[in-house]
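A quick write-up on the structure given underneath.
The values are calculated or read from the model by the stated rules, or taken from the named source; none is laboratory data. Just so it is clear, the model here is predicted, and its values are computed rather than measured. Every residue, glycine among them, receives a Cβ derived from its backbone with ideal geometry; neighbour counts consider all protein chains shown. Each accessible area value is taken on the protein alone, full model and side chains, heavy atoms only, with ligands, DNA and RNA left out. Shrake-Rupley method; radii C 1.70, N 1.55, O 1.52, S 1.80 Å.
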Amino acid sequence: MNTQNQSAPTVQRLDLPAIRKRLGLSQNEFSARFGIPAGTLRDWEQNRRRPEGPARALLIVIDKEPDAVKRALEPLRRPVKRQAATRP
């Protein structure tokens, strides 16, 4: 097998501030909508850390299909209605 002509996969650069601005969201709004801690988002945007694995995949999908992610996560954001306990 000749591997000389094979190159490493290209890693897509994520411009999180640009994605957020395109969606018209502040850091706190983006964090709340997509379930990402605000501190984590700040670390990514300020290049103190880089999103990896599932977080990176989620951000790529948010970039491409933000409405689909919002719809998928919506049931998780709704408060659970608790029934009042009945006393005998």
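Scanning the range 23-61 for residues that are outside any helix (DSSP H, G or I) and farther than 16 Å from Arg71 by Cα yields Gly24, Leu25, Ser26, Pro37, Gln46, Asn47, Arg48, Arg49, Arg50, Pro51, Glu52. Cβ contacts < 9 Å: first residue within 19 Å of Gly24 (Cβ to Cβ) and at pLDDT 95 or above, restricted to the range 42-68; second residue open to solvent by less than 40 Å² (accessible area, probe 1.4 Å) and among the charged types (D, E, K, R), any location; separation 6+ or different chain. Result? Here the result reads Glu45/Arg20, each pair linking the range 42-68 to a residue that is open to solvent by less than 40 Å² (accessible area, probe 1.4 Å) and among the charged types (D, E, K, R).
Contact map, the range 16-28: first residue farther than 18 Å from Arg49 by Cβ, second residue surrounded by fewer than 16 Cβ atoms within 10 Å (Cβ to Cβ) and aliphatic (A, V, I, L, M), Cβ cut-off under 6 Å, separation 6 or more or different chains; pairs are Asn28/Ala38.
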